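See structure below.
The values are calculated or read from the model by the stated rules, or taken from the named source; none is laboratory data. Note that the coordinates shown come from a computational prediction; the quantities given were computed from them, not determined experimentally. Glycine also receives a Cβ, built like all others from the backbone with ideal geometry; neighbour counts cover every protein chain displayed.
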Amino acid sequence: MTPRTFYLTTPIYYVNARPHLGHASTTIMADAMCRYRRLRGDRVYLLTGTDEHGDRIAQEAAKAGVSPQAYADEIAAAFRDTWRRLGITNDDFIRTTEPRHAVVVQAILQKLHDAGEIYFGEYGGNYCFGCERFYTDKEIVDGKCPDHQTPLTFIKEQNYFFRMSKYQDWLIKHLEEHPDFVQPERYRNEVLGFLREPLQDLSISRPRTRLQWGIPLPFDDQYVTYVWFDALINYVSAVGYPDGPLYRDLWAADHAEHLIGKDILKPHAVYWPTMLKAAGIPLYHRLNVHGYWTLGGGKMSKSVGNVVEAFSLTDKYGHDAFRYFLLREMNFGLDASFSEEAFVGRLNADLANDLGNLASRATTMIVNFGGGAVPAPGPAAPEDMAVREGLERAVAGVSQAMDAFAFQRALAAIWELIGTVNRYVDAMAPWALAKDPDKRERLATVLYTIGEALRGLGILLDPFLPGAAAKIRGAVGAPAPSHADLGWGRLAPGTPVTKLPGLFPRIDVGAASGPAGARPAAAAPNAEAGLAKIPIDEFAKVELRVAEVLAAEKVAKSKKLLKLTIKVGEETRTLVAGVAEHYDPADLVGRKVVIVANLMPATLMGIESNGMVLAASHEGTVSLLTLDKDVPSGSRVK
Ligand code: MSP
C-alpha cells in the first residue's frame, strides 16, 4: 500500500462548557482514525483545539466574574489536559485567541473585502444568542429556536455581509460532482436539501457596541468578526496558511478531512466551502459527519449534568473500555444512545469474555504447554489455515470500514476473528494434545497459530484499544505495531511469551444470577433495568438448542443445584442448573428443555457444567422453558 498523507481535524470546541462525553466521542473517533492511518504507514496530522470568541463565552465569563481571556484560558487548559489523559495523539492544539490565528482571519477578511466579496448592509432578523445566528422564518419552530427551544430576539443592525448567495449554484455542482465531499450520504442529501432554498448572504460581523469579544475587522474597527467565520478558519490558520510548509503539504495538496457532529453540518458544508472558494483557497477533501449521543432520548449537550456524569465513566471503567464502547456502539452517521448498562454489557461480553479470555487462555497455554515460548510450527492443517484466513479477512474488513469512518464495522470484523480463534482453541483442545506425546508437533502448530493470531490482534486492535493492544503485543514479544507486520508467520519461534490474565476484569453488575444460571459470574442485570439493544448477529452468537434430560440428581452440599445429564442431538453432556428448590430431580427426567449450548464451560461445586438451562422467574416462581410440540433434541431454537 502506498503511504498517503492524511490531515484530520475535529471541531474546535466552545470554551463555554467543560469537556464532556460528546466532545470526547468526536475526539476519540478522530484519534482512532489517525492511529489507524499511522499503522498503515501514512503521514498523519491530527488537529484539535478550542473556539474562544463570541457572545456565549463573554456571557459565561461575566457570570463567573472573570475576563473572557482568563475564562477561556482555564477551559482551554481543561480540554488540553483531558485529551492528554485520554491518550489523544493530536499533533497540534489551536486556540482562536492565539495571534497566529487572528492574523490569518484578518488576512482572509481583507482579501475578501478587497475582492468585493464583502459588503456593508442592514439586516433585521430573529437571532438566537445560544446559536449566535439568525433564523429564517422557515426554520423557527413555535416562535422559538429549534435547537435551544428558547425565544428569539428580533435584532436589526448594520453589518458586513459575505456574498454567500452567489455561490449557491457552484456549491450544488460541486456536491454533485464529488459524491464523497460530505459523507455519509444522508448528510450530503441534507446539504443538497438546504440548497434547494435560496441561500442568503452571511452576516460576518457584530457591532462592537454589542460584543467586544472577537477579532476586529481589519477594515472597520467598530466591528468584530462573527464567531463562525472566525472559527472555521482555524483549519487553515493552524497549518500556516498561506505559505507555511504544513499548509502546502497538508491543505493545499488536498489531504484535509474534517470530522464533525451533525449539529454543525451547515457551517461546515455551506459557509466554509463558499468562504474558501471566494478567498481562492482550495477546498477540503471530505467532510465526515457523525450522529449524536443521546441520553434518555434527549440530545446530550443540552443537559450538561448528564454528559459530564457519562464522561466520568471513563475513569470508573478505564479509558480503553470507554473508547471501545463509543466506537463500537455508534453506527457512524446515526444517533446512538448511551447508558451505563449498555456500557457494562459490552465491557463484560466483548472485552472481558471474548477478548480478555482469549488473551488469557492463549498466553497461558503457550506458557504451560510450549515451555514459556512460541514453539516452531509443523505443517499447517486446514483448521490452522482457517485462522490465518480469518486474520486476513479481518485486516481487509477493517480497511474497508475505516475508509468510511465505520468504526463499528471495523470492530465487528475484528470480533469475528476473535470468535474464530476462540472456537479454534476449543476445537483443537491443546490441553488434550499436551497429554499425548505423539501429538507434540500438532500441539506446536496449534500453539503457534494461537500466538500468531494474538500477535495480529495486538496490531489490529491498536487504534481502538491502545492500552490493551500494547499489553497483548508485550505478552507475545511484538514490538511497536505496524500493518506491515500483519503478514502471517512473522512471529519468531522461540519468542518468550508471558501470561496475560485479567486484561479486562468482568464488572459485577450486582444482580442475582438467574435461577437456572449455571454460571453466576455471567449473571444478567435485572430485567427491570433493561438491556441494551443488540443487532441480530449478536443474538445469533447464542446457540439455543432443545435438550432431553436423561438423568437428574441433587448436587451434594448444595441447596440450589441439580446435576443434569442431557442429550443434545447425538451428544450427551453434563450441566448444572440452579433449580433444585423448584423441581424434584425425578420430575425432570425425560423432559425436553431449552439450553444455551455454546456457553464456555464453568465449574460449579467441582462439576463442570456445559451449558445453561433456560427458565423464567417471577417473585420466587421458577418455570423451565419447555416445548408445546415435540421436536427432536438438538433442534435449534431461534
Ligand atoms: N465551536 C463549534 C465548532 C466550531 S468548528 C470550526 C462547536 N463547538 S461545541 O463545543 O459545541 O462542539 C460541538 C461538537 O461536539 C459536535 O459537532 C460534536 O462533534 C461534539 N458533540 C457535542 N455533543 C455531542 C453529542 N451529544 N454527541 C456527539 N457529539 C457531540 O460547535
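Scanning the range 589-606 for residues that are in contact (Cβ under 8 Å) with a residue 60 or more places away in the chain and part of a strand (DSSP E or B), we see that the one that is nearest to Arg361 (Cα to Cα) is Ala602. Checked against the criterion of being surrounded by 20 or more Cβ atoms within 10 Å (Cβ to Cβ), among the hydrophobic types (A, V, I, L, M, F, W, C) and within 27 Å of His148 (Cα to Cα), the candidates Ala78, Ala32, Ala61 yield just one match: Ala61. For the range 215-235, residues that are away from the ligand (no atom under 11 Å from the Cβ), under 15 Å from Val104 (Cβ atoms) and not in a strand (DSSP E or B) total 2.
Note on the range 99-133: among residues that are surrounded by 17 or more Cβ atoms within 10 Å (Cβ to Cβ) and among the acidic types (Asp, Glu), the one that is farthest from Ile57 (Cα to Cα) is Glu117.
Restricting attention to the range 277-304 and to residues that are within 13 Å of the ligand (Cβ to nearest atom) and part of a helix (DSSP H, G or I), the residue that is modelled with the lowest pLDDT turns out to be Lys302. Of all residues in the range 225-265, those satisfying the criterion of being surrounded by 22 or more Cβ atoms within 10 Å (Cβ to Cβ) and either on the phi > 0 side of the Ramachandran plot or of a type in the set (S, T, N, Q) (or both) are Thr225, Asn234, Ser237.
For the range 478-492, the criterion of being outside any helix (DSSP H, G or I), at pLDDT below 95, surrounded by 17 or more Cβ atoms within 10 Å (Cβ to Cβ) and among the small types (Gly, Ala, Ser) is satisfied by at least one residue. Condition test on Glu139, is it over 30 Å from His483 (Cβ atoms) and in a loop (DSSP other than H, G, I, E, B)? In short, yes. What number of residues within the range 540-555 are out of contact with any Lys or Arg (no Cβ under 6 Å at 6 or more places or on another chain), closer than 15 Å to Ser609 by Cα and touching a residue at least 40 places away in the same chain (Cβ under 8 Å)? Going through the range 540-555 one residue at a time, the tally reaches 1.
Scanning the range 434-467 for residues that are within 20 Å of Ala30 (Cβ to Cβ) and either not aliphatic (A, V, I, L, M) or not in a loop (DSSP other than H, G, I, E, B) (or both) yields Leu460, Asp462, Pro463, Phe464, Pro466, Gly467. For the range 310-324, the criterion of being at pLDDT below 95, closer than 28 Å to Pro146 by Cα and not in a strand (DSSP E or B) is met by at least one residue. Taking into account only those residues within the range 152-170 that are out of contact with any Ser or Thr (no Cβ under 6 Å at 6 or more places or on another chain) and touching a residue at least 60 places away in the same chain (Cβ under 8 Å), which is farthest from Ala115 (Cα to Cα)? Going through the qualifying residues, I end up with Trp170.
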